Amino acid sequence: MAKGFTFKQFHVDDHGCGMPVSTDGVLLGTWAGLPELGEILDIGTGSGLLALIAAQRTGHTSLPVTAVEIDQPAANAARKNFADSPWASRLHCIEHNVQTWAQAQPTGRFNAIVCNPPYFNNGQQADSQARATARHTDSLSHSDLLTVIRHLLSEDGNASLILPEYEGRQLIEQATQHKLFCRRVCEVRGTERKPVTRLLITLSPQSGDTVSEALCIHHQGAYSEAFTTLTSDFYLKL
C-alpha cells in the first residue's frame, strides 16, 4: 500500500515531512486565487501538496509552479511527488531558506503565492525538529514572511495563506506595515455551532475593500455543500 494520501489526479507521499497532508492545506489550495498568466510560488511546500493542487487547478495553462522548502527530507518528498505527477515539467522544488532565496529573485516575479505558514509564536515546540520547523515561527517569522511576499509578489498579484484565527488577525494587521492589504478573508468553522478555527486570507499590494466569506466544513454529520464544492475535484470520496 502506498504511503501518504491519494487524490483524484495525484498522490502525496508525506513520509518524513514535518506537516502531513491536512484539511488546512487542501482548503487553502482549493480556495486560493490563481492567475491565468505568470508564475506561482508555494512557500514552505512540505510534501508539495499546495504546489500540486495549484498545478492541477491551472492544468489548462503552462504556468510554472515553484516550491521552496528548507527541510531536506520534505524537499526530497516534494520532488518525488512532483516527478510522479501529471505536471512534472511545470513543478520545481528549491531546497533553501526562503528569506535568503528571495533576495536573489527579481521584485514582483510571482503572480500568485500560496503558503501554509508556521503559526506558533510561542509555547512548547514539537519533539520532531521537522515538525517544529513546519509549525513554529522560529524558522520563518510572520514579519519575515510578509517581507518575502511583498518583494516577490507582482503589483496585481495575490498571496493566500491559512492561519488559526488569532494569528490570522494579527498577520492581517501586521501586513499593512509591509504595504500588503487583506482583500479577501474566509472564516472557517468545523460546524455552524463551533467557533472559527481558521482564517483563509488573501493579501494584495493593492488596497481596497475586503470580501468577507464563511465556510463550515461539516453540516448535519456530513461534509457541507460548500466544502464539497470547493474540494470535490481533489478528494477521492467526494
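The values are calculated or read from the model by the stated rules, or taken from the named source; none is laboratory data. Just so you know, these numbers come straight off a predicted model, no measurement behind them. All Cβ positions, even for glycine, are placed from backbone atoms using ideal geometry, and neighbour counts span all protein chains on display. We work out accessible area using only protein heavy atoms, side chains counted, and drop any ligands, DNA or RNA first. Shrake-Rupley method; radii C 1.70, N 1.55, O 1.52, S 1.80 Å.
Values for this structure:
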{"read-out": "Total formal charge among the other residues, if their Cβ is under 11 angstrom from that of residue 142, Lys/Arg +1 and Asp/Glu -1", "value": "-3"}
{"read-out": "Sequence-separation-based contact order of the chain, relative, with Cα cut under 8 Å and 6+ spacing, percent", "value": "18 percent"}
{"read-out": "Ranking by accessible area, most exposed first, for 234, 181 with a 1.4 Å probe", "value": "181, 234"}
{"read-out": "Per residue, in Å², the accessible surface of the range 1-122 once ligands and nucleic acids are set aside, probe 1.4 Å", "value": "41 Å²"}
{"read-out": "Separation of alpha-carbon centers, the range 222-238 and the range 140-155, rounded to whole Å", "value": "31 Å"}
{"read-out": "Magnitude of the charge dipole, the chain, Cβ model with Lys/Arg +1 and Asp/Glu -1, debye to 20", "value": "260 debye"}
{"read-out": "Eligible lysines near residue 237 by straight Cα distance, threshold 29 Å, same-chain separation 8 or greater", "value": "3, 8, 80, 194"}
{"read-out": "Proximal charge balance of residue 88 [Cβ under 12 Å; K/R count +1, D/E count -1]", "value": "+2"}
{"read-out": "With every protein chain in place, the chain: carbon and sulfur % of accessible area (1.4 Å)", "value": "49 percent"}
